[in-house]
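Notes to accompany the following structure.
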Amino acid sequence: MRRAFVLVFLCTLVLASAAVAGSITGKIVYDDKVPTLRPLDMNADPSCAKKHDGRVTNPMLTLGPNMEMANIFVQVKNPPAGNHTAPKEAVEIDQNGCLYHPRVIGAMVGQPVNFKNSDGILHNVHGLPKENREFNIGMPPTLKEKEQVFNKPEPVFPVKCDVHPWMQAYVAVMTHPYFDVTGEDGTFSIEGLAAGTYEVEAWHERLGTQTMSVTVTDGAATADFAFKVPKKK
Ligand SMILES: [Cu+2]
């Protein structure tokens, strides 16, 4: 009896660990004519311009040497059921060189987002959500960080600085942890997925969204995306 119990227990453990063994990883590239974006003009605030050597590339389209795309928000649209607890650890977004780093973030409902001010110059963090309450945090040079918590899920919304019109960030508020943002190598990784078929969505601030159906069985499933400039209708 006891042995049978242990066996069932062990089988359950094996099954449980197999059930969350999956992940979806991928690489996102740009596959179109690269537009010439004007560098950012920071001369309106010399203390910003001074933080850069020469031209400041427009971060709207951040490409790696092989057209890898950064700042793509990737999420599972049909996440596994269950209540997902928000991490206590804050998601950080820094105002550095009068730019947001990173430019795109995701946080869970109830998870703090920590807006930092490494610049030590005057910024304000003006969020323009639709579901959550609009917010506008003044960040004088001496204010090094300020936390903000979002209570409702919301697709990606813009955050801007009213002092520096070129400053732009994007925040998504999620009910689950199955999301990631690509770094400069264009890759993302979404872990902890049970076996199943998932709709994966990739979002870019100007090039829209793409979705792909991906089946996770065991180990890593792949979802690679290529973005093009949408055709005008
Ligand atoms: Cu600013």
Region 114-181, Kirkwood Rh and Cα Rg, ratio Rg/Rh at 0.98
Taking 0.36 nm per residue of separation between LYS50 and LYS231 and subtracting their Cα-Cα distance, the length gained on full extension comes to 61.3 nm
Yeah, region 49-194 with a ≥ b ≥ c from its alpha-carbon gyration tensor (a/c under 1.5 is rounded, else prolate when a/b outruns b/c, oblate otherwise) is oblate
THR142 and GLU199 label points (each 7 Å along its Cα→Cβ direction) are spaced in nm at 5.1
Nearest 10, in degrees from 0 to 90: the angle of helix 2-19 to the longest Cα principal axis of the chain is 30
Restricting to lysines and to Cα separations under 30 Å from LYS50, and discarding same-chain partners fewer than 8 apart, the set is LYS116, LYS144, LYS146, LYS160
Carbon and sulfur atoms account, in whole percent of the 1.4 Å probe accessible area of region 75-134, for 46
Probe 1.4 Å, heavy atoms of protein chains only: per residue, the accessible area of the chain in Å² is 56
The lysines whose Cα lies under 29 Å from the Cα of LYS233, excluding any fewer than 8 residues away in the same chain, are LYS27, LYS33, LYS77, LYS130
Once normalised by the length of the chain, the mean sequence separation of its alpha carbon contacts under 8 Å that are 6 or more apart gives a contact order in percent of 29
Whole-Å distance linking the alpha carbon centroid of region 173-206 with that of region 65-84 is 2
Taking the chain and counting helices only, DSSP H stretches of n ≥ 4 at -39,500 (n - 2.57) each over all residues, the nearest-500 ellipticity at 222 nm comes to -3000 deg cm²/dmol
Stretched fully, the stretch from LEU63 through THR36 gains (0.36 nm per residue minus C-alpha distance, one decimal, in nm) 8.5 nm
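The values are calculated or read from the model by the stated rules, or taken from the named source; none is laboratory data. As the structure is a computational prediction, the values presented were derived from the model and not from experiment. Don't worry about glycine lacking a Cβ; one is built from the backbone with ideal geometry, like all the others, and counts go over all protein chains shown. All accessible areas refer to the heavy atoms of the entire protein, side chains included, with ligands and DNA or RNA removed. Shrake-Rupley method; radii C 1.70, N 1.55, O 1.52, S 1.80 Å.
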